[in-house]
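Student: Before we start, here is the structure in question, set down as structure tokens.
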Number of protein chains: 2
Amino acid sequence: MFEKEMRNLTYGLFVLSAAADGKSSGCIINTAMQVTDTPLKMAICVNKNSFTGQLIRKSRRFVVSVLDEKADFDIFRHFGFQSGKDVDKFADWKEKAETPDGVPYQTRGANAWIECEVDEEIDLGTHLMYIGFVTNADILSDVPSASYTYYHEHIKPRQEEKKEGRKAWRCIICGYIYEGADLPADFICPWCKHPASDFEPIMI
Amino acid sequence: MFEKEMRNLTYGLFVLSAAADGKSSGCIINTAMQVTDTPLKMAICVNKNSFTGQLIRKSRRFVVSVLDEKADFDIFRHFGFQSGKDVDKFADWKEKAETPDGVPYQTRGANAWIECEVDEEIDLGTHLMYIGFVTNADILSDVPSASYTYYHEHIKPRQEEKKEGRKAWRCIICGYIYEGADLPADFICPWCKHPASDFEPIMI
């Protein structure tokens, strides 16, 4: 319902990262915004199933790495299309650094990082919102930030579409293709965990 | 503190509107985002001093009108640089419509509107965050949404800068100029209510 209207809201793209109990992880989010200036606070939303979210819950600390227009699709694949429950995403990731408080963050294709200490956790059902005090931040480059629109137009690989063939469904978020004429209403994208409402019909 | 890093977060621009007790108003915000899909909820932030915010508090309902790249500076001046306490902003505003629940919204230079019923109010100090269920929405045009960056580069009038002359401070949000070499740290922009940290030094 109202998918098209909601897509008109403008978002940025970020790697959200956290560390707790000797583990660390990161995931892609598009919901990060400043909410107050005095004191300086920002809000982020993360899926309850997210491993990074679970680390934030324990450590009460998170870092947002702001992706820019030079970010490549591998960053989205690495941090967005696999779970930190299965893979240590920072283990072999070369372009990373650590905040003074020991939280790793992704530096490739990123123009800034912002670290927050959680002030409030708000239960939104499927997601958690964390509102945090900004404790550390730095600029990494002067490349413009990537908007969600920019990602879809320039970063995400385009897949060839055939006008005739079999009907299928493509996730507009990550590009995953469900092969079948009828997409179940409760289908969840196995790559990016978005719901059936984020799929569009295509021919393959 | 961290002004430059926070500016790298990507925002859209919106006219937030509400109605209560026979009064209505609207203001400019840059903080609106979808927070969950099932059920469909979005979050907005509004300054506690905002008259529109006070109407939301009473009516528990708000509308977000998504500004697009054809939006003109007059919309920002009309809804952003004056208070609904002094002016009935919708009274003589021609490009408006009403939701089924009777809330007026701004239609000029807007590509969609989204109406929400408040589910939660979160006190953020200087601001209030409202999280609401999306109850109605519609597309108005296919013009791309205006990002905050687009507003600064294409919609906001540029003021001539002199390299020599008197030192002054310009609000990077709305363009207001404070004439004086030293901007007080607690200065609040009289036009858009943003703090001293949103001012940049210029020569006039």
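The values are calculated or read from the model by the stated rules, or taken from the named source; none is laboratory data. Bear in mind that the values here come from a model prediction, so they are computed numbers and not experimental data. Cβ placement follows ideal geometry from the backbone for every residue including glycine, while neighbour counts extend to all protein chains displayed.
Student: Could you tell me whether the range A:158-168 includes any residue that is buried (at least 16 other Cβ atoms within 10 Å of the Cβ), modelled with pLDDT of 85 or more and either farther than 16 Å from A:Phe14 by Cβ or not assigned by TED's automatic domain parsing to the domain that holds A:Asp101 (or both)? Walk me through it before giving the result.
Tutor: Here is the first cut: in the range A:158-168, the ones buried (at least 16 other Cβ atoms within 10 Å of the Cβ) are A:168.
With the extra rule that they be modelled with pLDDT of 85 or more, the set shrinks to A:168.
Those still in the list that are either farther than 16 Å from A:Phe14 by Cβ or not assigned by TED's automatic domain parsing to the domain that holds A:Asp101 (or both) too: A:168.
Yes, there is a match, as at least one residue in the range A:158-168 is buried (at least 16 other Cβ atoms within 10 Å of the Cβ), modelled with pLDDT of 85 or more and either farther than 16 Å from A:Phe14 by Cβ or not assigned by TED's automatic domain parsing to the domain that holds A:Asp101 (or both).
Student: Only one residue in A:Thr99, A:Thr38 is hydroxyl-bearing (Ser, Thr, Tyr) and farther than 29 Å from B:Gly132 by Cβ. Which one?
Tutor: On the way: A:Thr38 fails: farther than 29 Å from B:Gly132 by Cβ.
Within the list A:Thr99, A:Thr38, the selection yields A:Thr99.
Student: A further question on this structure: Can you confirm whether A:Gly12 is within 14 Å of chain B (Cβ to nearest Cβ) and under 30 Å from B:Val143 (Cβ atoms)? So that I can check it myself, show each step before the final result.
Tutor: Numbers: within 14 Å of chain B (Cβ to nearest Cβ): yes; under 30 Å from B:Val143 (Cβ atoms): yes.
When the stated conditions are applied, A:Gly12 passes them.
Student: I would also like to ask the following. The conditions are (1) buried (at least 21 other Cβ atoms within 10 Å of the Cβ); (2) farther than 15 Å from A:Met129 by Cβ; (3) more than 7 Å from every other protein chain (Cβ to nearest Cβ); (4) modelled with pLDDT of 95 or more, and A:Glu69 fails exactly one of them. Which is it?
Tutor: Only one criterion in (1) buried (at least 21 other Cβ atoms within 10 Å of the Cβ); (2) farther than 15 Å from A:Met129 by Cβ; (3) more than 7 Å from every other protein chain (Cβ to nearest Cβ); (4) modelled with pLDDT of 95 or more is unmet by A:Glu69, namely (1).
Student: Provide a single number: the residues in the range B:55-68 that are under 15 Å from the mean Cα position of the chain (by Cα) and not hydrophobic (A, V, I, L, M, F, W, C).
Tutor: Of the residues in that region, 2 qualify.
Student: If you check A:Ser24, A:Ser17, which single one turns out to be assigned to a strand (DSSP E or B), farther than 18 Å from A:Ala146 by Cβ and modelled with pLDDT of 95 or more?
Tutor: Values: A:Ser17 fails: farther than 18 Å from A:Ala146 by Cβ.
Step by step, each of A:Ser24, A:Ser17 is checked, and only A:Ser24 is assigned to a strand (DSSP E or B), farther than 18 Å from A:Ala146 by Cβ and modelled with pLDDT of 95 or more.
Student: Follow-up. So, in the range B:30-61, how many residues would count as being within 14 Å of chain A (Cβ to nearest Cβ) and either in a strand (DSSP E or B) or free of Cβ contacts under 8 Å to residues at least 12 places away in the same chain (or both)? Lay out the reasoning, then the answer.
Tutor: Of the range B:30-61, the ones within 14 Å of chain A (Cβ to nearest Cβ) are B:30-50, B:53.
Keeping just the survivors that are either in a strand (DSSP E or B) or free of Cβ contacts under 8 Å to residues at least 12 places away in the same chain (or both) gives B:32-38, B:41-47.
Selection size over the range B:30-61: 14.
Student: For residues that are crowded, with 16+ Cβ neighbours inside 10 Å and at the interface with chain B (Cβ under 7 Å from one of its Cβ atoms), tally how many sit in the range A:132-148.
Tutor: 4
Student: Checking the structure you have, find out if any residue of the range B:130-140 is of a type in the set (Gly, Ala, Ser) and either more than 30 Å from A:Pro144 (Cα to Cα) or at pLDDT 90 or above (or both). So that I can check it myself, show each step before the final result.
Tutor: Of all residues in the range B:130-140, those of a type in the set (Gly, Ala, Ser) come to B:132, B:137.
Among the residues that remain, those that are also either more than 30 Å from A:Pro144 (Cα to Cα) or at pLDDT 90 or above (or both) are: B:132, B:137.
Yes: one or more hits.
Student: Here's something else I'd like to know. Tally the residues that are at the interface with chain B (Cβ under 9 Å from one of its Cβ atoms) and either more than 30 Å from A:Asp186 (Cβ to Cβ) or in a strand (DSSP E or B) (or both), restricting the search to the range A:120-131. It would help to see each step written out before you state the result.
Tutor: If we filter the range A:120-131 for residues that are at the interface with chain B (Cβ under 9 Å from one of its Cβ atoms), which is where we start, we get A:120, A:122, A:124-127, A:129, A:131.
Retained after the next criterion (residues that are either more than 30 Å from A:Asp186 (Cβ to Cβ) or in a strand (DSSP E or B) (or both)): A:120, A:122, A:127, A:129, A:131.
Looking only at that region, the number is 5.
Student: Would you tally the residues in the range B:74-103 being without any contact (Cβ under 8 Å) to a residue 12 or more places away in the chain and more than 17 Å from B:Leu140 (Cα to Cα)?
Tutor: 7
Student: Could you please give the count of residues in the range A:73-104 that are assigned to a loop (DSSP other than H, G, I, E, B), within 16 Å of the chain's Cα centre (by Cα) and modelled with pLDDT of 95 or more?
Tutor: Within the range A:73-104, residues that are assigned to a loop (DSSP other than H, G, I, E, B), within 16 Å of the chain's Cα centre (by Cα) and modelled with pLDDT of 95 or more number 2.
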